[in-house]
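This report concerns only the one structure given below.
Derivation of every value follows stated rules applied to the coordinates shown; laboratory data play no part. It should be emphasised that the depicted structure is a prediction, and the values quoted were computed from it without experimental measurement. With ideal geometry, Cβ positions are generated from the backbone for all residues, glycine too; neighbour counts draw on all protein chains shown.
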Amino acid sequence: MSRLSHFNEAGEARMVDVSGKAATARSARAHAFVRIRPAVLKQLPRNPKGNPLEVARIAGVMAAKRTADLIPLCHPLALTRVEVETAVEKNGVRIVSLASTEAATGVEMEALTAAAIAALTVYDMIKALDKSIEIGEICLLEKSGGKSGDYRRPAGFVPVPRRTAQPK
């Protein structure tokens, strides 16, 4: 088993030194699901704050760009691409994010941050309608590039949206 890279030999937290690593193309996709009662989902198009899915999408993109400000030991990355997709489903809103860069370290945290903040934004946009909304299933779907190689969540996980769906 690998050792945790964010701790030195004395057990103190540290930022990983990536200065000796080559910059390579890296990408990651992450997922979140916001569980919302069907009656509340039907009200999304009439939200007085605006389209919750569009606001969440933009919030996710902005959050990915600020990940190093939110997660203490993350390296600031020059992101080359960030996308956040949302889809209304029977029991809520599915969110999938994608982050890409050409860097000496991975971009998983940026993808996860985008998905998580987009989910929190959906909650914020509709919390007046229902306080029982749940955010869950935040996870890495896949990553590519870097020393640890590619990763893909095993088959059988939830389907992912291919474009931003507008509330109906």
ask   = So which of Lys42/Lys65; Lys42/Lys127; Lys42/Lys143 end up more than 25 Å apart by C-alpha?
value = Lys42/Lys65; Lys42/Lys143
key: Label-point separation, Ile58 to Leu129 (7 Å along Cα→Cβ), nm   = 1.9
Cross-link reach list, lysines versus Lys147, counting only Cα pairs under 18 Å and skipping chain neighbours closer than eight places = Lys21
task = Note the angle between two axes, namely the Cα long axis of helix 108-126 and the longest principal axis of the Cα atoms of the chain, as a number of degrees from 0 to 90, rounded to the nearest 10.
result = 20
query = Which of Leu44, Leu70, Leu53 comes first, and how do the rest follow, when ranked by fewest Cβ neighbours within 10 Å?
reply = Leu70, Leu44, Leu53
request  = Using only alpha carbon pairs under 8 Å that are at least six residues apart, calculate the relative contact order of the chain and give it in whole percent.
outcome  = 35
message = Treating the range 24-147 as a set of equal point scatterers at the Cα positions, no solvent, please give the Debye-formula log₁₀ I(q)/I(0) at q = 0.12, 0.21 Å⁻¹.
response = -0.43, -1.05
message = Cβ neighbours within 10 Å, averaged per peptide: list 95-104, 19-28 in order, most packed at the top.
response = 95-104, 19-28
ask   = So how far apart, in nm, are the two label points at Ala25 and Arg152 if each is 7 Å from Cα heading toward Cβ?
value = 1.7
inquiry  = Along the Cα→Cβ direction, 7 angstrom out, place labels at Val40 and Arg66. What is the inter-label distance in nm?
reply    = 2.4
